[in-house]
Amino acid sequence: MQVAHLWANQSKQSAKGSNFYFEGPALYSYGPHFCVAKIKEIDGARVALFNPRRYSQSTGRHQAYASRAAVHLECHSIDQSRWVDITDRASLAAAIEAQAKENAESEEAAKAAKREAARRKREDAKAEKMALSVYPEKLEAWRNGGTLPPLAHRFPIALRLCGKYVETSRGAKVPAVSARRVWPLLSAAASGADIQNGVIFENREFKWGDYTGAFLCAESGAVFLRVGCHSIPFVELEKMALCLNLSQAGKGAA
């Protein structure tokens, strides 16, 4: 802060602080690439021209120090590109007017961008609502070979039999033979379990096709199978067991 006061009063030709220094009338943050402010003599009066641009949080503190130290001066926030043309009161007034116009245009552009973003959000919400309303129908069509809308991730994971593979509604596939082999263990673990939130029934790894790290757990009163990023409802596993002609007691083909 001492650097800012010395600069504002031009008490010295130069001074340096922590990444904050001035040389003559120019005050810098971190280096010559960012001039915080510059003092100009205009018609016998000292005028402080401040750079309105932002660079970093620490540079923002330097700008605040400079602004507070220069309260006794006439101060204007004007883009640095215009400083060189300011030599008298007339050119200062022209620069102030041009900056005000630029600020107004930037503000209007920001408002327009905000309105456009809000419009897109409303349109997206409307499209999503419409898509969600037909999702149950799309899901049944998907089970029979159809496709799902992109928002399938919003719903619990579903399974379908696709040739020799079991496919999830998020696009992952495992060989059907793997499902056959692991079903007895899953069925036995879930059938006699006392379902409570957070209970892990089988904290062990299963070989589930190319995936590992699967185990059964309970969430909100329902049993799920965890496989990687997938959380498969047990009801879907039971449906798949029926598709594979496996008994719900867990005695199916190996």
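Step by step: first the residues of the range 53-98, then only those that are more than 26 Å from residue 6 (Cβ to Cβ) and touching a strand residue (DSSP E or B) at 6+ places or on another chain (Cβ under 7 Å), then the one that is surrounded by the most Cβ atoms within 10 Å (Cβ to Cβ). Which residue is that? Among residues in the range 53-98 that are more than 26 Å from residue 6 (Cβ to Cβ) and touching a strand residue (DSSP E or B) at 6+ places or on another chain (Cβ under 7 Å), the one surrounded by the most Cβ atoms within 10 Å (Cβ to Cβ) is 96.
In the range 212-237, the residues that are of a type in the set (Asp, Glu) form Cβ pairs under 6 Å with partners that are assigned to a strand (DSSP E or B) and modelled with pLDDT of 80 or more, at six or more places apart or across chains, as follows: 236/159. Among the residues of the range 216-254, those identified as modelled with pLDDT under 70 and either farther than 14 Å from residue 176 by Cβ or surrounded by 14 or more Cβ atoms within 10 Å (Cβ to Cβ) (or both) are 218, 219, 220, 221, 247, 248, 249, 250, 251, 252. Only helices (runs of 4 or more DSSP H) whose full extent lies in the range 89-202 are considered here, and the ones with at least 1 residues that are outside the structural domain of residue 222 (by TED's automatic domain parsing) and either at pLDDT 90 or above or at positive phi (or both) are 89-133.
The values are calculated or read from the model by the stated rules, or taken from the named source; none is laboratory data. Quick caveat, the model's predicted, so the values are computed rather than measured. We place every Cβ from the backbone using ideal geometry, glycine too, and count neighbours over all the protein chains shown.
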